[in-house]
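Below is one structure, written out as structure tokens, with a few remarks after it.
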Amino acid sequence: MASHEGKPIRVALLGCGTVGTEVVRLLTDQAADLTARVGAPIELAGIAVRRPNKHRDVPAELLTTDAEALVTSADVDVVVEVIGGIEPARTLLLAALRGGKSVVTANKALLAEHSAELFEASDASGADLYFEAAVAGAIPLLRPLRESLAGDRITRVMGIVNGTTNFILSGMDSTGASYAETLEEATRLGYAEADPTADVDGFDAASKAAILASLAFHSRVTAADVHREGIAQVSAADIAAAKALGRTVKLLAICERVAHDEGEGISVRVHPAMIPTSHPLASVHGAFNAVFVEADAAGEMMFYGQGAGGAPTASAVLGDLVAVARNRVHRGRGPRESAYANLPVRPMGQTPTRYHISLDVADRAGVLSQVAAVFAEHDVSIAAVRQEGRVDDASLVIVTHAATDAALRSTVDKIGGLPVVREVVSVMRVEGEET
Ligand code: HSE
């Protein structure tokens, strides 16, 4: 790699939507400061877009529709990708890395599926691959995991990494409204996309969980390894059941080490869960993101901020751009892939979890013991029981200790079939408490 002492760092920008436009603005507005911080000016060499006439707020002379020519141009040192999706981003970034160009990308779906080949291409040429903006927008999170905590042993990463679903669940919690009504409101206000599938079904959070788990546990984890449940099944009854016991419902991305007879593994999952209102993640409202990290020596940490939006995401892109530009100026190199631990991802059924179960039952002698017997049969230990009698039935709330998810599911299935159980009102996992 040539030294760039004083020579401009030439940047190709792929994509110029909400984030790309902000990247161009920040590069222009902060040019003098960025030059001082990097030791060389950062200049735009070109901006690849599909329809140049739709981009009136960036310099017209920089626009091109030939992304391939731009990323392979000898005049380009760094490629910044904010197109999103797998193709053409994958092909373009592989070409850039193979050509020795540093890459900065905000593309979570690409990283969650193809990080192995991207890192391989980056290693082959010695070019940097940075992707802070791919998870939790503006929040500095990947650099802490990749660098600041590289000397520690991370045990758990648990976060709210999708603003759309957090906005919807916060709304359901504050109004008591149903999922469908709250989604409609979120769409009207622009917090949910017209097609909200990627967010509400947990695909977006699952990509982010795969990236977080890979970095936290030095292992290769792809989106396909992540157990995923979205929020469409969360009911007003679930939210009310959580509230009644001082809990709140969040869509969590959880990456944790799990002990197993066959050796240590990891659990990587996205699902709604009840957490105590005293947990730091419970106070993350609206479209904000936050990630709670636990490490052996550091203890507990929380990273909080804006997880989406043009300017916040551009802030993370610019931070990476400064880092890779500095590396080029000073002939350094950023962290490479670290997958040496190679920990296996355990199936959800083997993952230890806790359940909160609310039932409507007949109110007569022996009902509680019949229900309790099913837990005992499945070797699931009960942590707390609360019963409230009504006129001719009762509400029974049971919270379990940790058991395998498979045992808990079988327990719930069997309980639902007991003649004394009139309705299973709510079943949800409990996180963020002692097991
Ligand atoms: N759609 C995401 C969210 C932002 O709702 O948080 C981009 O990852």
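Taking a straight Cα-Cα cut-off under 19 Å and skipping sequence neighbours fewer than 8 places away in the same chain, no lysines fall within cross-link reach of Lys54.
Leaving out ligands and nucleic acids, and using a 1.4 Å probe, what accessible area per residue does the range 348-430 come to in Å²?
Details: 3760 Å² over 83 residues.
I get 45 Å² per residue for this part.
For the range 130-200, GluC sites (Glu not before Pro) meeting the loop criterion (DSSP other than H, G, I, E, B) and having at most 13 other Cβ atoms within 10 Å: Glu193.
Using the alpha-carbon atoms, what tilt in degrees (0 to 90, nearest 10) does helix 89-98 show relative to the longest principal axis of the chain? Its long axis makes an angle of about 50 degrees.
Taken about its Cα centre, the range 151-304 carries a charge dipole of roughly 240 debye when the Cβ of each Lys and Arg holds +1 and the Cβ of each Asp and Glu holds -1.
How much mean residue ellipticity at 222 nm does the chain get from its helices, if each DSSP H run of length 4 or more adds -39500 (n - 2.57) and you divide by all residues, to the nearest 500 deg cm²/dmol? Mind dumping the intermediate values first?
Working: 13 runs with 148 residues, N = 435.
Using -39500 (n - 2.57) per qualifying helix, the result is -10500 deg cm²/dmol.
For Lys101, the lysines whose Cα comes closer than 19 Å to its Cα, not counting residues fewer than 8 places off in the same chain, are Lys7.
Above 41 Å lies some portion of the pair distances; for the chain, what is it as a whole percent of all C-alpha pairs? Could you put the intermediate results ahead of the total?
Details: 22298 of 94395 pairs.
Within the chain, distances greater than 41 Å cover 24 percent of Cα pairs.
The range 309-358 and the range 361-397 have Cα centres separated by 44 Å.
Measuring with a 1.4 angstrom probe and ignoring ligands and nucleic acids, Ile83 comes out at about 80 Å² accessible.
State the percentage of accessible surface on the chain attributable to carbon and sulfur atoms; use a 1.4 Å probe and exclude ligands, DNA and RNA.
Numbers: 9010 of 18170 Å².
Carbon and sulfur: 50 percent of the exposed surface of the chain.
The values are calculated or read from the model by the stated rules, or taken from the named source; none is laboratory data. In this text, all values refer to a predicted model and were calculated from it rather than measured experimentally. Heads up, the Cβs are rebuilt from the backbone with ideal geometry, glycines too, and the neighbour counts pull from every protein chain shown. The protein model used for the area step is the full one, side chains on, heavy atoms only, and it has no ligands, DNA or RNA in it. Shrake-Rupley method; radii C 1.70, N 1.55, O 1.52, S 1.80 Å.
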